[in-house]
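The values are calculated or read from the model by the stated rules, or taken from the named source; none is laboratory data. Remember, predicted model here, so these are calculated numbers, not experimental data. In this analysis, Cβ positions are derived from the backbone assuming ideal geometry, glycine residues included, and neighbour counts consider all displayed protein chains.
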Amino acid sequence: MSAVHPVSGNCHAASAGAYDVVVVGAGFAGMYMLHRLRGQGGSVRVYEQGGDVGGTWYWNRYPGARCDVESMQYSYSFSEELQQEWNWSERYAPQPEILKYANHVADRFDLRSDIQLNTRVDRAVFDEATRLWSVTTSDGKNVTAKYVVLATGCLSNARMPDIKGLPDFKGKVYHTGRWPHEPVDFTGLRVGVIGTGSSGIQSVPIIAEQASQLTVFQRTPNFSIPARNALLTAEEREAYRAKYPEIRRFAREEARNGIYTEMPDRGALDDGDNVRRSKYQARWERGGLTFMSVYNNLGVDKAANDTAADFVRDKIAEIVRDPETAKRLQPNNHPIGSKRICIDTDYFATFNRPNVALVDIRTNPIEEITANAVRTKAGDYEVDALVLATGFDAMTGSVAKIDIRGRDGQTLNQKWAEGPKTYLGLMSAGFPNLFIITGPGSPSVLSNMIVSIEQHVDWITGCIVYMRAHGLDTMEAKPNAEDKWVAHVNEVAQTTLYPQANSWYMGANIPGKPQIFMPYIGGVGVYRQICNDVASKGYEGFAMTAAEPAQQCAAS
Ligand code: N01
């Protein structure tokens, strides 16, 4: 006999292989989604392709990997006990510690029993008749769910570059986003690193300490700010904890990027040269992402932006002794911050080491990889191992790998062929009861991800509870609300300098990918307010249908 589930109202909830909610991914988003839904009593199954929880922090184990948001802020806020008790050891936690934290959360909140590891979701098909999703997993099983939540992460689909000859290389090839679990030792080897984004910039100084020779192949130089990482003292942690209510409130409601920091009240051109320089110097010494918050117009005014870009270019020239190398390391084809700014420890100084060389593959392109070398137009660079720090098919890549079919058999990939279309980054019209956590069209990658994850998970939970309370069966974005939101996301992006860079925010790193600015740049606080308003107006812009009598649970 079936029973009406307290959350979903579904009859099928009690039977094996039938869940109220299937969550795809057990990173920070999937774990918190499970925790929140558990609190409502629903039946939830989480599928995770990795061998353990942690998402991006499970895969990105490259040397030097650490978060670029300070640990005391890059952490869950939903549990007061957790945030008071967990001891972060450094200002920016290294990857192993963040992974340990993820595991601690899984154990502390007893999440593991509902998480199936080493299992991909390959397919999800909406059945119009039953109004359920049929979900196929890589172990050949099929389950049903009333709701599917994609917690697949924004930077989880590692991108192998299309470089001729790569499969013929005889040495080891590593991608930073799929780093082996066993230790990798480059001692005595000639190593080539391709790519100088955040992953390359973090790994280069560490690899340089081990390798006999390190050659860095750079296509685009990047702006990078020193992390100034350090051990956290007990006093610093206590000071943070005492201020947590205000820090968390500010990050959620006021900060554009979900990070607690001072809000600038003037533009870069409102100060004279000396004052401006001393302010940049102070932030450079403090280190970290908040360098871009010195002034309030660095993201929108090119002349203002140039002052910050010039400051960083001057710093590179000061640090790097060889003037030619310094010049090649100075970014000059995009405004500072329009590509994700990097945070480093000794990146530029690493090029002063005698065993490190920089190759500019913009002017001297890679032609192919041979059995033992990177062959450029100007000649061969012999290497024993290759590190590909070439990034991700960001924001849509992991979703695209799942065969998702909504109403009328339309696939999500067909619908998003010209760029992702969502309402609030949360749902896409034609795909009922399918939610995306930090999807394209939401602040996501422009924010402290954990702040955005918690907001989305809370909103989705509230929505599911509302549907149950009102006897509703399906919910989906209305096409006109979605169109307006997509237009708004583009419109806001166009008021900034972001579209001026060929960044992964734009899909520009993937040949053939539509070039659309994917995240919502209106700010985390503004966005939260919009989502709350939508909910308070009975989920304005979403179509909801009532459960049909046949869907009500009859004794059987
Ligand atoms: O990837 P990227 P990433 N031939 O795309 C180059 C987050 N993250 O893994 O710029 C040669 O930024 C490419 O060149 P170009 C963070 O949000 C966070 O480093 O396209 N080169 C670029 O230099 C970050 O932004 C943290 O011209 C090729 C590099 O590879 C995001 O993840 C740490 C190439 C890719 O840079 C992605 O960072 C790490 C080719 N065929 C990552 N293809 C922290 O929290 C690409 N490139 C600190």
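Which residue is surrounded by the fewest Cβ atoms within 10 Å (Cβ to Cβ), if the candidates are limited to segment 410-426 and must be more than 19 Å from the chain's Cα centre (by Cα) and of a type in the set (A, V, I, L, M)? In this case the residue turns out to be ALA417.
Going by the structure shown, is GLU254 among the charged types (D, E, K, R), at pLDDT below 95 and surrounded by fewer than 17 Cβ atoms within 10 Å (Cβ to Cβ)?
Taking the combined requirement at face value, the residue satisfies it.
Scanning segment 73-98 for residues that are without any contact (Cβ under 8 Å) to a residue 40 or more places away in the chain and within 16 Å of the ligand (Cβ to nearest atom) yields ALA93, PRO94, GLN95, PRO96, GLU97.
Among the conditions (1) touching a strand residue (DSSP E or B) at 6+ places or on another chain (Cβ under 9 Å); (2) more than 10 Å from the ligand (Cβ to nearest atom); (3) within 27 Å of PHE186 (Cα to Cα), LEU232 misses just one, which is (3).
Looking only at residues in segment 494-524 that are part of a helix (DSSP H, G or I) and surrounded by fewer than 20 Cβ atoms within 10 Å (Cβ to Cβ), which one is nearest to the chain's Cα centre (by Cα)? Working first, answer last.
Our first condition is that a residue be part of a helix (DSSP H, G or I); within segment 494-524, this holds for 494, 498-500, 504-506, 524.
Checking which are surrounded by fewer than 20 Cβ atoms within 10 Å (Cβ to Cβ) leaves us with 494, 499-500.
Values: GLN494: 22, PRO499: 19, GLN500: 21 Å.
Within segment 494-524, the match that is nearest to the chain's Cα centre (by Cα) is PRO499.
Only one entry of THR176, THR130, THR187, THR144 meets the criterion of being away from the ligand (no atom under 16 Å from the Cβ) and surrounded by 16 or more Cβ atoms within 10 Å (Cβ to Cβ), and that entry is THR144. For segment 193-217, filtered to residues that are over 17 Å from PRO161 (Cα atoms) and among the aliphatic types (A, V, I, L, M), the residue that is nearest to the ligand (Cβ to nearest atom) is ILE201.
This table checks each residue for (1) buried (at least 23 other Cβ atoms within 10 Å of the Cβ); (2) out of contact with any Lys or Arg (no Cβ under 6 Å at 6 or more places or on another chain).
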site	(1), (2)
VAL21	yes, yes
GLY25	yes, yes
GLY30	yes, yes
ARG38	no, yes
GLY51	no, yes
TYR62	yes, yes
GLU70	yes, no
TYR74	no, yes
GLU81	no, yes
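Being surrounded by 24 or more Cβ atoms within 10 Å (Cβ to Cβ) and either in a helix (DSSP H, G or I) or outside the structural domain of ILE404 (by TED's automatic domain parsing) (or both) is the filter here; which residues of segment 427-445 pass it? Within segment 427-445, SER444 is the sole residue that qualifies.
Being in contact with a Phe, Trp or Tyr (Cβ under 9 Å, 6 or more places away or on another chain), more than 30 Å from GLN213 (Cα to Cα), in contact (Cβ under 8 Å) with a residue 40 or more places away in the chain and within 16 Å of the ligand (Cβ to nearest atom), is that true of even one residue in segment 99-108?
Yes, segment 99-108 contains a residue that is in contact with a Phe, Trp or Tyr (Cβ under 9 Å, 6 or more places away or on another chain), more than 30 Å from GLN213 (Cα to Cα), in contact (Cβ under 8 Å) with a residue 40 or more places away in the chain and within 16 Å of the ligand (Cβ to nearest atom).
Consider ASP139 carefully, then state whether it is in a loop (DSSP other than H, G, I, E, B) and either in contact (Cβ under 8 Å) with a residue 24 or more places away in the chain or in contact with a helix residue (DSSP H, G or I) (Cβ under 6 Å, 6 or more places away or on another chain) (or both).
Working: in a loop (DSSP other than H, G, I, E, B): yes; either in contact (Cβ under 8 Å) with a residue 24 or more places away in the chain or in contact with a helix residue (DSSP H, G or I) (Cβ under 6 Å, 6 or more places away or on another chain) (or both): no.
So ASP139 does not fit the description; no.
Do we have VAL275 as within 16 Å of the ligand (Cβ to nearest atom) and not in a loop (DSSP other than H, G, I, E, B) here? Don't jump to the end; show me each part of the working.
Values: within 16 Å of the ligand (Cβ to nearest atom): no; not in a loop (DSSP other than H, G, I, E, B): yes.
The answer is no for VAL275.
Can you spot a residue in segment 335-358 that is buried (at least 20 other Cβ atoms within 10 Å of the Cβ), touching a Lys or Arg at 6+ places or on another chain (Cβ under 7 Å) and among the polar types (S, T, N, Q)? Scanning segment 335-358 turns up no residue that is buried (at least 20 other Cβ atoms within 10 Å of the Cβ), touching a Lys or Arg at 6+ places or on another chain (Cβ under 7 Å) and among the polar types (S, T, N, Q). Regarding segment 374-388, can at least one residue be identified that is in a loop (DSSP other than H, G, I, E, B), in contact with a Phe, Trp or Tyr (Cβ under 9 Å, 6 or more places away or on another chain) and not hydrophobic (A, V, I, L, M, F, W, C)? So far as segment 374-388 goes, yes, one or more of its residues are in a loop (DSSP other than H, G, I, E, B), in contact with a Phe, Trp or Tyr (Cβ under 9 Å, 6 or more places away or on another chain) and not hydrophobic (A, V, I, L, M, F, W, C). One residue alone among THR187, THR144 is among the polar types (S, T, N, Q) and touching a residue at least 60 places away in the same chain (Cβ under 8 Å), and that residue is THR144.
Could you grab me the full set of residues in segment 508-530 that are within 11 Å of the ligand (Cβ to nearest atom) and in contact (Cβ under 8 Å) with a residue 12 or more places away in the chain? Let's see the steps before the verdict.
Let us first name the residues in segment 508-530 that are within 11 Å of the ligand (Cβ to nearest atom), namely 508-511, 519.
Once the filter is applied, which keeps residues that are within 11 Å of the ligand (Cβ to nearest atom) and in contact (Cβ under 8 Å) with a residue 12 or more places away in the chain, segment 508-530 yields ASN509, ILE510, PRO511, PRO519.
Counting only residues that are out of contact with any helix residue (DSSP H, G or I) (no Cβ under 7 Å at 6 or more places or on another chain) and part of a helix (DSSP H, G or I), segment 389-415 holds 7 of them.
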